[in-house]
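The values are calculated or read from the model by the stated rules, or taken from the named source; none is laboratory data. The structure displayed is predicted, hence computed values, not measured ones. Don't worry about glycine lacking a Cβ; one is built from the backbone with ideal geometry, like all the others, and counts go over all protein chains shown.
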Amino acid sequence: MVNKIPFNRPAFIEQAEVYISRALRSGHLAGDGDFTKQSTALLEKMIGVRKALLTTSCTHALEMAAILLDLKNGDEVILPSFTFVSTVNAIVLRGAKPVFIDIRPDTLNLDENQLERLITPRTKAIFVVHYAGVACEMDTINQISAKYNIPMVEDNAHGLFGTYKGKNLGTFGVLATQSFHETKNISTGEGGALLINDPNLVERAEIIREKGTNRSRFFRGQVDKYTWVDIGSSYLPSELIAALLLAQLESAEQIQAKRNKIWNTYNTELSGWAENFGVGLPHVPADCGHPSHLFYLLMPDLDVRTRFIEWMKSQNIICVFHYLPLHLSDMGLKFGGRQGDCPVTEDISDRLVRLPLFFDMTEEDQVRVIDAIKSFLP
């Protein structure tokens, strides 16, 4: 029997075992130790961000962002319906109302041409998501954000090492969030980071991350004792996660080169088949540099996608769909979502399927995937 090709498998980096063992023997397993400092410094250098704070997940980084923006009951936040539930949960946990915006049919990112009409006096933030690590149209979004003095946050869970006009994603918003979930290019199993581009938010972010205390100032010797000064929670990851992250970041060039090769092979080998059968492939604008986070197909309709996933499963290859429209979820309906509000999102959600793409995927396995796809008749 042929081996099963999974949708994803986290990159195994041997140096991680060395670092984790060192962390275990150090006697310091709580966060903000040497490995936290090293991985944070490397992340800041690689992205060019003013300040990064490691978190236990991208979800928690998003929650911190919502607290830092002082979102509250009655506020509105614009965000795409086509995103993971963590983006919207961070907003509603503060009592704010999500205002869902549709996506573009090419990049599957927030449609910047619809943004301005959704702004009201109650709009307090704009959350953008760089789907598949392909940048949103940041020039237009930044202009609108500045015009109305509304802060913009980047959910950059997919976009580590992605660029827009030569500038790294994660450096455009007042805040940005990063994911190191096991499905991401750089993975610690669970984990994330809050990226801070507004220096005025750094000190409060440290307080929120440390359960609402000024503990960070205490350890820097700026106060002689620390106490409860703000709201917050336990968002600080352990040294074990930071040690794993450091090994992954140090191997980023190797990881990215392999993923780029796999992504480009899919794109080249499937273009003719896709054109013949009316199947869409990822669109990357000329001014965007993407990190090869995922490769997807846009099938003609839901029935074809369902048959495709079953066909690939019969070949022992796992392919999966992605987000369901948030505005049509049980919670989305409670916030006023209706069928037809985001027609592109509704259409794309029914047709998108993601292909296996992971660091140690062999050439032989990718040939199997491509051959299985080409033998499927939509």
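Details
- Within the stretch 80-108, restricting attention to residues that are among the hydroxyl-bearing types (Ser, Thr, Tyr) and in contact with a Phe, Trp or Tyr (Cβ under 8 Å, 6 or more places away or on another chain), the residue that is nearest to ASP341 (Cα to Cα) is SER81.
- Matching residues in the stretch 43-70 - criterion: being in contact with a Leu (Cβ under 9 Å, 6 or more places away or on another chain), more than 14 Å from GLY173 (Cα to Cα) and not in a helix (DSSP H, G or I): LEU53, LEU54, THR55, THR56
- Those residues of the stretch 3-33 which are part of a helix (DSSP H, G or I) and not aromatic (Phe, Trp, Tyr), in sequence order: GLN15, ALA16, GLU17, VAL18, ILE20, SER21, ARG22, ALA23, LEU24, ARG25, SER26
- Taking the criterion of being under 15 Å from the mean Cα position of the chain (by Cα) and of a type in the set (Asp, Glu), the only residue of the stretch 47-70 that qualifies is GLU63.
- Condition check for LEU79: assigned by TED's automatic domain parsing to the domain that holds ILE196, modelled with pLDDT of 95 or more and either of a type in the set (S, T, N, Q) or assigned to a loop (DSSP other than H, G, I, E, B) (or both): no
- The single condition among (1) among the hydrophobic types (A, V, I, L, M, F, W, C); (2) outside any strand (DSSP E or B); (3) farther than 30 Å from ALA242 by Cα that VAL99 does not meet is (2).
- Selection of helices (runs of 4 or more DSSP H) fully inside the stretch 279-367 by the criterion of at least 3 residues being surrounded by 17 or more Cβ atoms within 10 Å (Cβ to Cβ) returns 302-314, 343-351.
- Of all residues assigned to the stretch 243-250, none qualifies as being of a type outside the set (Lys, Arg), in contact (Cβ under 8 Å) with a residue 40 or more places away in the chain, surrounded by fewer than 16 Cβ atoms within 10 Å (Cβ to Cβ) and part of a helix (DSSP H, G or I).
- The one condition from (1) free of Cβ contacts under 8 Å to residues at least 24 places away in the same chain; (2) over 17 Å from HIS60 (Cα atoms); (3) of a type outside the set (Ser, Thr, Tyr) that ILE144 does not meet is (1).
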